[in-house]
Amino acid sequence: MLINKPKALLWVALCMAAINAPALAQTTAPAPPENPNLKIYRATPEKINDLVHTKLDVRFDYKKRFMYGKEWVTLKPHAYKTDSLRLDAKGMDIKTIAVVKAGKNTPLKFTYDSLSLNIKLDKVYNPGENYIVYIDYTSKPDQLKVQGSMAISDAKGLYFINPDSTVKGKPVQIWTQGETESSSAWFPTIDKPSQKTTEEIYMTVPSKYVTLSNGKLVSQKSNGNGTRTDYWKMDLPHSPYLFMMAVGDFKITKDVWKGKEVSYYLEPKYAPYAKNIFGYTPEVIEFYSKTLGVDYPWNKYAQIVVRDYVSGAMENTSATLHGDYVQGTPRQLLDRYYNTAQGESTVVHELFHQWFGDYVTAESWSNLTVNESFADFSETLWAEHKYGKDEGDAHINGDRRSYLNAPDAATKNLVRFYYNDKEDMFDVVTYQKGGSILYMLRNYLGNEAFYKGLNIYLKTNALKNGEAQQLRLALEEASGKDLNWFFNQWYYNAGHPILNITYGWDAANKTQSVYVQQTQAGNAFTLPIAVDLYVGGKKTRQQVWLRTKSDTLTFKVAAKPELVNVDAEKMLLAKKTDTKTGDEFAYQYANAPLYLDRLEAVTWARNQASSDANGRKIIVAALKDKYYGIRIEAIKALKLSNDDVRNAAQPILVSMAQTDPNNLVKAAALNALGGLKASGNTTLFKQALGSQSYAVQSAALNGLAALDPAASLTMAKGLEKDSEGDLSQSILNIYAANGTDAEWPYVNQKFEEADAQGKFSVMRNYAAYIGRLQSSAYALQGIEQIKATGVRYKQYGVAPALVTILEGIKTQRAKDEASVKAADAAIAALK
Ligand SMILES: [Zn+2]
């Protein structure tokens, strides 16, 4: 699964900070008391019965939001004979439970507490002896009392989207979300990842809709009553949480990989762009198949994009489901680069799960690392392959930052047998830290042994389950190396090294010393690293091991090195303080080859005074860096308030704004120039408004707005019709700041469509705009939007700031009784 909630939360927090700092301070809760759930050892659930095969026949009641299901589930006792069966079944009406013998149903006795079924079988069954249980049931997901989590905002299992068509223009859809244990909300099963079952589903749906499920679409039969029954079959076993169904008005675009169908299910509006959005999928399947030495294991691969999804995306076996942010028109896609938008990295993440997660599945949530750390790592793998080492390095660096900056991540083991809730396993430790650890491990073992190890792990545990110990054994077999120390340190213990690096040069003995202190609490980490010494323009590499809290490395060299580059491969997941001089950073930028070598230098330069010659040299050079991410960082690092810097940088920025191959660099250059408010740039901005890139248009419009607000209002009018993303945000800002009633319908619509970041960044101007609207009806719409936003993000502590904003609107509209009343109602709803 790919989660996107924490990011949204972060944006809300940041944006609220901008609106009202004291309100944010109130949201910082005191340390919670010790949670008793954390004392529970989360054992892998015992297998008493094993799932063997699951056959379902389902139809839907859109009005009641019910699903009527018939199930024939084949099971067998695992190791010991038994006469009873426990199944997970959440919030269902159970009509019949029977054992099926020679086509005849014999009813069975059972008890049901709305969460699990305890069934008394007709006799004692022996280990390995199959039996079939028939269940006639109704699934009622909307009446289920369940709690979502940070990663997955709901746990109903089965979702009816706009089933009564009450929201105009919004598609009518049904889709499912199984992970973690929500599939049992739509069919009784043993809802644990350690279970695996083959599957077949008959889905009866309105004829106008298409369906998607796991495996192969075997047949479609029209029922002559406006419905059709689709028959899907999955002939390899997989875990219940990976079951899926989707129903709706989707257009299917077909592709192929080695004779297997690859398909993209999109809303009709986006179907013409299916290949723009997903067209690289066969290439990724090929790359992962080759890298792992195991061909894509399932008989087809489909991707579907749905509305109102409760997380980022989900790797249902052979049928991945995406949230709608992955969709885009060709113009929107122009501004999405690998490391600046989630779309492509999500596609490759879910695809890698088809091996790590679906083919071999984590045996328990405690071992979720063998699913999610791999999927996270695969994002970097694809970035390196497709876009080069800089893009990959930037991606893994983003992972490390996410983990290192997360408040309590350093206290959690990667493999965790103690947690509050299984959903809590979906965090920066399992994803970003785990991905970073695999990245280090690949470097330590070398590509060949590492991928051989993954191959052994996949083949040994194919269609079964795995845990971190099996991964260790496979990697040890492939490499011939002992890896207990590595797994104990990184998988079964918490935290990371915090390094303090200093240097000493002994001219008499021509000896370079490097002192590395590990200042974290607890034990020292064992760290194999490379150290590059640059002497007389020549680089030599030394492989060394850090093993203690205070290591001294000494190197005999011909002369004082221009640069000593510790962790020269930039592999470590660590916080470090590296005390280098400006000369050394300048040398590092110019000579050390990696993305992080250059980024470290730019980051150092950004923190220097504008008069620092080395700092300026680094930033000016970095404006021409080969990687767009560094060029953007360099633009941000420019201190344009300094006359010399501005005079040197302005022509470079103008050239970047016009000719840089990357739209986001162009936009960053335009934004920097816009900040100068120099009327000489008016023509440049006007030209840039003709760009196909919304980001470039947005930056140009912002630049013009700073020079001439009235003129920018007119220009915004002209751009309004085809505005998405950054551009619509700029127009929204301009209208909110200077608009009249005429612009309200656009603002109202775009505000509603905006994500949390978009809403909160415009909130102040938006409220002022509502205050000065002539139309009372419009003002009521605006107040309603603020209320809805407040209710939606209330849990993140936004209410006090929004109450202040609503009070402001009340003051401005004191003579408009209806608005005052509505604002009072909104305030009451937020209290
Ligand atoms: Zn995932």
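Derivation of every value follows stated rules applied to the coordinates shown; laboratory data play no part. Owing to the predicted nature of the structure, the values given are computational and were not obtained by experimental measurement. Note that each Cβ is placed from the backbone with ideal geometry, even for glycine, and that neighbours are counted across all protein chains shown.
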Inset, instruction - Give me the percent of Cα-Cα pairs in the chain that sit more than 41 Å apart, rounded to a whole number. - result: 43 percent
Inset, instruction - Before rounding to the nearest 500, sum -39500 (n - 2.57) across all DSSP H runs of length at least 4 in the chain and divide by the residue total; then give [θ] at 222 nm in deg cm²/dmol. - result: -12000 deg cm²/dmol
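From the cross-link list Lys759/Lys815; Lys192/Lys464; Lys156/Lys422; Lys717/Lys787; Lys258/Lys386; Lys156/Lys269, which pairs have alpha carbons spaced over 24 Å apart? Can you show the working numbers first?
On the way: Lys759/Lys815 27 Å; Lys192/Lys464 13 Å; Lys156/Lys422 16 Å; Lys717/Lys787 28 Å; Lys258/Lys386 20 Å; Lys156/Lys269 28 Å.
Checking Cα-Cα distances, Lys759/Lys815; Lys717/Lys787; Lys156/Lys269 exceed 24 Å.
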Inset, instruction - Along Cα→Cβ, 7 Å out, is where each label goes; now give me the distance between the ones at Asp708 and Ser222 in nm to one decimal. - result: 6.2 nm
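Where nothing but the Cβ of Lys and Arg (+1) and of Asp and Glu (-1) is charged, how large is the charge dipole of the chain around its Cα centre, in debye to the nearest 20?
Values: 97 positive and 88 negative charges, 97 e Å.
Once rounded to the nearest 20, the dipole reads 460 debye.
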Inset, instruction - Starting from the Cα-Cα distance between Ala102 and Ala508, subtract it from 0.36 nm times their residue separation and give me the gain in nm to one decimal. - result: 136.8 nm
Inset, instruction - Quick one: compute the contact order of region 639-681, relative version, from alpha carbon pairs under 8 angstrom and 6+ residues apart, as a percent. - result: 30 percent
Inset, instruction - Just subtract the alpha-carbon distance of Lys538 and Leu38 from 0.36 nm times their residue separation and send over the number in nm, one decimal. - result: 174.6 nm
Inset, instruction - Take the alpha-carbon centre of region 584-662, take the same for region 289-351, and report the distance between them in whole Å. - result: 34 Å
Legend entry - Loop trypsin sites (Lys or Arg not before Pro), region 461-493 (other Cβ atoms within 10 Å of the site Cβ: 16 or fewer; DSSP): Lys464, Lys481
Inset, instruction - Multiply the residue gap between Ala559 and Trp545 by 0.36 nm, knock off their C-alpha separation, and tell me the result in nm, one decimal place. - result: 2.6 nm
Inset, instruction - Return an integer: the convex hull volume of the alpha-carbon atoms of region 451-569, in Å³ per residue. - result: 120 Å³
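Sequence gap at least 6, Cα distance under 8 Å: using those rules, report the relative contact order of the chain to the nearest whole percent.
Numbers: 1614 pairs, mean separation 71.4, N = 831.
The value is 9 percent.
Among DSSP bridges having both ends in the chain, what percentage is antiparallel? Round to the nearest 5. Could the numbers behind the result be given before it?
Working: 108 of 132 bridges.
In the chain, DSSP labels about 80 percent of beta bridges as antiparallel.
What do you get when you divide the Cα radius of gyration of region 346-486 by 2.2 N^0.38 Å, with N the number of residues? Write out the running numbers ahead of the final one.
On the way: Rg = 14.4 Å, N = 141, 2.2 N^0.38 = 14.4 Å.
Compactness ratio reported: 1.00.
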Inset, instruction - Would you work out which of Ala657, Ala622, Leu573 lies farthest towards the positive end of the dipole of region 551-658, given +1 charges on the beta-carbon of Lys and Arg and -1 on that of Asp and Glu, about the Cα centre? - result: Ala657
Legend entry - Cβ crowding within 10 Å averaged over residues, with 441-452, 304-315 ranked highest first: 304-315, 441-452
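With +1 on each Lys and Arg Cβ and -1 on each Asp and Glu Cβ, and nothing else charged, work out how big the dipole of region 83-162 is about its Cα centre, in Debye to the nearest 20. List each step's numbers first, then the result.
Details: 11 positive and 9 negative charges, 36 e Å.
Dipole of region 83-162, to the nearest 20 debye: 180 debye.
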Inset, instruction - Counting other beta carbons within 10 Å of each Cβ, put Val516, Val803, Val256 in order, fewest first. - result: Val256, Val803, Val516
